[in-house]
Amino acid sequence: MDIINLLIFLIPSYIANSSPVILGGGIPLDLMKNFSNQRILGDGKTVRGFIGGTLAGTVAGGIVAIYYSLPYFFDAKTQFLAGFIMSFGTLVGDALGSFIKRRFNVESGKPFFLDAIMFLLVALLFAYPVVSEGIYTPLDLAFMIGLTLLVHPLSNIIANKAGLKKVPW
Ligand code: CTP
Ligand code: MG
């Protein structure tokens, strides 16, 4: 397990997941439509947040790919592509988490156990076809999941203190 490489590998996903707090707002992704008496996704998932987050993560991954080549990828182009795929996967996972949350009647903005991890699981799933075979191991996966479960609540507390988020979760 190479912690530095894993941390760098996670940059696009973490940027994609956190930037919508700043970049989001406006038209909700579900266009205010309902599904079984609840919003499909809710006001917390916006078109701008989805696109902005995907782009921010992709740009971050692109900059990283210029300066640092990760061993998980065949070449810099694949690494750049993976940054996009992981950023997109992050926003898809985030929206999927909200979809599930609404089905459990949890209001937008209220905490839910999937908040901290759904984005990463979908990002890793999406990235799977572009990583070199067998290069991230069960231990690597456990590290990335564990780290995210720790970092997510901490970063929310910091974002709340910094005035970026109304609630500390
Ligand atoms: N955000 C956005 N678009 C997205 C994701 C997030 O605009 N696709 C913004 C919203 O302003 C959102 C904030 O980032 O309120 C925090 O994101 P998150 O905690 O994921 O959303 P919640 O408001 O908690 O909504 P939910 O309960 O659906 O997770
Ligand atoms: Mg939230």
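Within segment 86-123, if we keep just the residues that are farther than 19 Å from residue 44 by Cα and surrounded by 23 or more Cβ atoms within 10 Å (Cβ to Cβ), the residue that is nearest to ligand 1 (Cβ to nearest atom) turns out to be 123.
Would you check if residue 23 is farther than 20 Å from residue 145 by Cα, modelled with pLDDT of 95 or more, of a type in the set (A, V, I, L, M, F, W, C) and touching a helix residue (DSSP H, G or I) at 6+ places or on another chain (Cβ under 9 Å)? Against the criterion (farther than 20 Å from residue 145 by Cα, modelled with pLDDT of 95 or more, of a type in the set (A, V, I, L, M, F, W, C) and touching a helix residue (DSSP H, G or I) at 6+ places or on another chain (Cβ under 9 Å)), residue 23 qualifies. Criterion first (touching a Gly at 6+ places or on another chain (Cβ under 9 Å) and either within 13 Å of ligand 2 (Cβ to nearest atom) or in contact (Cβ under 8 Å) with a residue 24 or more places away in the chain (or both)) does residue 113 satisfy it? For residue 113, the condition - touching a Gly at 6+ places or on another chain (Cβ under 9 Å) and either within 13 Å of ligand 2 (Cβ to nearest atom) or in contact (Cβ under 8 Å) with a residue 24 or more places away in the chain (or both) - is not met.
Residue pairs whose Cβ atoms lie under 6 Å apart, sitting 6 or more positions apart in sequence or on different chains, and linking a residue in segment 42-59 that is open to solvent by less than 90 Å² (accessible area, probe 1.4 Å) to a partner that is more than 16 Å from ligand 2 (Cβ to nearest atom) and assigned to a loop (DSSP other than H, G, I, E, B), are 46/26; 47/27.
A single entry from 96, 124, 120 fulfils the requirement of being more than 16 Å from ligand 2 (Cβ to nearest atom), touching a residue at least 12 places away in the same chain (Cβ under 8 Å) and in a helix (DSSP H, G or I): 124. Within segment 99-117, the set of residues being assigned to a helix (DSSP H, G or I) and charged (D, E, K, R) comprises 101, 102, 103, 115. Search segment 132-156 for residues being in a helix (DSSP H, G or I) and loosely packed, with under 13 Cβ neighbours inside 10 Å, and hand back the single one that is nearest to ligand 2 (Cβ to nearest atom). The extreme case among them is 154. Taking the stated definitions as given, is residue 164 touching a residue at least 12 places away in the same chain (Cβ under 8 Å), within 13 Å of ligand 2 (Cβ to nearest atom), on the phi < 0 side of the Ramachandran plot and open to solvent by 50 Å² or more (accessible area, probe 1.4 Å)? Yes; evaluated as a whole, the condition is true for this residue.
The values are calculated or read from the model by the stated rules, or taken from the named source; none is laboratory data. Owing to the predicted nature of the structure, the values given are computational and were not obtained by experimental measurement. Cβ coordinates were reconstructed from backbone atoms using ideal geometry, including for glycine residues, and neighbour counts include every protein chain displayed. Please note that ligands, DNA and RNA were not included when accessible areas were found on the heavy atoms of the full protein model with its side chains. Shrake-Rupley method; radii C 1.70, N 1.55, O 1.52, S 1.80 Å.
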